[in-house]
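Trainee: My structure is below; once you've seen it, I'll send some questions.
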Amino acid sequence: MTTEPVERRSSARSTLAISCVATLLVLINFTAPVSTVQTVRAALGSGPSGQTWILGSISVGLAACLMVAGTLADDYGRKRMFVIGGALLVVSTVVCAVAPVTLVFVLGRIVQGAASAALLASSLGLLAHAFAPGPERARATGLWGAMVGGGIAIGPVFSALLGRATDWRVTYWVLAALAALVMLWAARSLEESRSAHKRAFDLAGVLTLGAGITLLIAGLTEGRGGWGRPHVLVFLVAAVVLLAGFVVIEKRVAEPMLEPAFFKRPAFVASVVGALVTGMGVIGLMTYVPTAAQSMQGLSPLGSAGLLAFWSGLSFLAAPQARRFVARVGDRQQVAAGLALCGIGELALTGIGEESSWWRFVPGLVLAGLGSGVVNAALAGLAVRSVPAHRVAVGSAANNASRYLGSSLGVALVAAILALAPRGGGAAHEMGTGMSYAAVVSGCLAIAGAVLVALCHERTEPAAAAVPAAPEPQLSEPV
């Protein structure tokens with residue numbers, strides 16, 4: 001009688017540990033090229049376009065495959081999708097490690113994105129199944145959210161240190177080995193769960209959404225080299241047509257991949273909007289901070305990665321603490337407050353120029369880091385409670401897809417602002433002027449997003465639950 005709860009708690013702890021380690025690894029891998037892109041570019045003989053794809057290609061696989069991965073995880077098994085994602089990450093990371101030319105490296109990074117999508121969508125779904133709504137789930141999703149900030153903090157420093165000590169390729173060999181260990185750990189320790197009702201596979205939805213997002217990100221990535229080029233316009237127009245087709249298909253198909261009814265749920269809308277604004281208004285600007293610090297203050301790749309850690313490291317520390325306020329401030333309000341704090345921090349980055357000390361970055365990065373930590377933790381909880389219990393991996397997928405699509409939009413927006421900044425005064429001066437404009441735009445976007453999330457009123461707030469909640473109905477059954 002007493003062993004089952006003990007075994008259940010032990011299984012839940014294992015699920016939490018595996019999910020957090022996998023998420024940390026995904027984000028380390030995602031940010032690894034940030035500090036070594038110039039080294040990788042030189043080794044592979046990449047041109048300016050190749051450099052852009054070295055940085056942005058993983059977002060293609062992530063954003064295009066997240067919804068598919070979430071649907072497959074809920075319908076065919078979250079553990080199964082997690083293990084498949086881990087195996088795919090091992091293979092694709094080895095491809096990056098041995099890549100002889102830019103094209104092979106970029107293709108490897110796209111497949112890494114698809115593998116990461118499987119891990120992210122299924123890991124948060126596994127957590128939602130393992131922990132009932134209440135304080136324990138808030139703690140679990142807070143820790144999961146902390147891994148997002150932790151991975152962003154560690155990735156650039158990790159790759160810069162290994163690149164300095166050995167060779168940039170060693171980074172990917174180490175990441176492949178770590179991915180293999182996580183995959184084996186998951187295969188041995190996770191318990192399977194899936195929806196009690198297996199849905200028909202929405203092939204038309206999968207194809208239109210995946211192709212639409214792929215072309216959109218490709219257009220945004222290529223657009224940094226000139227928005228008027230014919231192939232960029234073709235990519236963007238085709239993306240709009242495909243995504244519009246996806247909307248029409250989802251309204252007509254009997255069992256859609258992404259139910260239109262979800263958008264009538266204020267919590268789901270807040271989750272998607274919050275994640276999109278986080279990517280577009282926060283991550284987009286922060287992606288350029290290391291480059292700006294190197295250009296204006298002459299910092300080394302390792303030094304600029306360390307500077308970025310003021311933002312990402314504080315995000316890592318703040319995320320687990322957000323659960324302490326969940327009984328008094330709901331997750332939706334936490335997302336709104338966190339975005340507002342990010343916006344204030346970004347506005348504090350305006351005016352930094354070549355004559356400024358690198359310390360001038362710190363106050364804004366600290367504020368944005370604390371805000372990001374609150375947002376990451378609260379969004380994770382909001383994503384899984386905003387959908388029915390048997391669709392938690394889809395809720396996670398929609399949230400993460402919005403974040404990574406938003407980050408691609410944000411990076412493209414900052415790149416466009418830098419390109420339009422007044423010329424003259426030298427590269428460092430131009431970078432400072434452009435980053436000031438970008439900080440104002442990004443800060444205003446984050447604050448506007450905070451307002452939108454705050455306006456997504458719900459009939460009942462989840463905060464709830466200072467008292468542990470009863471177990472959910474068995475909509476998602478262990479196998």
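The values are calculated or read from the model by the stated rules, or taken from the named source; none is laboratory data. Please read all numbers here as calculations on a predicted model, not as lab measurements. Note that each Cβ is placed from the backbone with ideal geometry, even for glycine, and that neighbours are counted across all protein chains shown. Note: accessible area is taken over every heavy atom of the protein model, side chains too, but ligands, DNA and RNA are not part of it. Shrake-Rupley method; radii C 1.70, N 1.55, O 1.52, S 1.80 Å.
Trainee: Return the label of the correct value of Cα extents along the principal axes in Å, as calculated from the structure shown, out of (i) 67, 65, 41; (ii) 64, 51, 47; (iii) 73, 47, 46.
Mentor: (iii)
Trainee: Report, by chain and number, residues whose modeled amide H sits under 5 Å from the one on Leu299, excluding near sequence neighbours (fewer than 5 apart, same chain).
Mentor: Gln294
Trainee: Using a 1.4 Å probe on the protein chains only, how many percent of the accessible area of region 159-273 belongs to carbon and sulfur?
Mentor: Taking all protein chains in place, region 159-273 shows 71 percent carbon and sulfur surface.
Trainee: Okay, moving on. What does the charge count around Gly274 come to, taking other residues whose C-beta lies under 13 Å from its C-beta (Lys +1, Arg +1, Asp -1, Glu -1)?
Mentor: Counting the neighbours of Gly274, the net charge comes to +1.
Trainee: A further question on this structure: Among the lysines, which fall within straight-line cross-link reach of Lys198, defined as a Cα-Cα distance under 22 Å, with same-chain neighbours fewer than 8 residues apart omitted?
Mentor: Candidates past the 8-residue exclusion: Lys79, Lys251.
Trainee: Let me ask you something else. With every protein chain left in place, what is the accessible area per residue of the chain in square angstrom, probe 1.4 Å?
Mentor: It amounts to 39 Å² per residue over the chain.
Trainee: Would you work out the charge dipole size for region 196-255 about its Cα centre, treating the Cβ of every Lys and Arg as +1 and the Cβ of every Asp and Glu as -1, and quote it to the nearest 20 debye?
Mentor: Charge dipole of region 196-255: 40 debye, to the nearest 20.
Trainee: Something else: Using only helices, what value at 222 nm comes out for the chain when you add -39,500 (n - 2.57) per DSSP H run of length 4 or more and divide by the total residues, to the nearest 500 deg cm²/dmol?
Mentor: Details: 17 runs with 354 residues, N = 479.
Computed mean residue ellipticity for the chain: -25500 deg cm²/dmol.
Trainee: While we're on this one: Given Gly226, Leu25, Leu314, which one lies farthest toward the positive end of the charge dipole of the chain, if we put +1 on the Cβ of every Lys and Arg and -1 on the Cβ of every Asp and Glu?
Mentor: Leu25
Trainee: Measuring from a point 7 Å past the Cα of Leu203 along Cα-to-C-beta, which residues in region 61-94 have an amide N at less than 17 Å?
Mentor: 68, 72
Trainee: Just to confirm the number: angle between the C-alpha axis of helix 301-318 and the first principal axis of the chain, 0 to 90 degrees, nearest 10?
Mentor: With rounding to tens, the tilt is 30 degrees.
Trainee: Let me ask something additional. Keeping the other protein chains in place, figure out the carbon and sulfur percent of the accessible area of region 290-414, with a 1.4 Å probe.
Mentor: Accessible surface attributable to carbon and sulfur in region 290-414 totals 66 percent.
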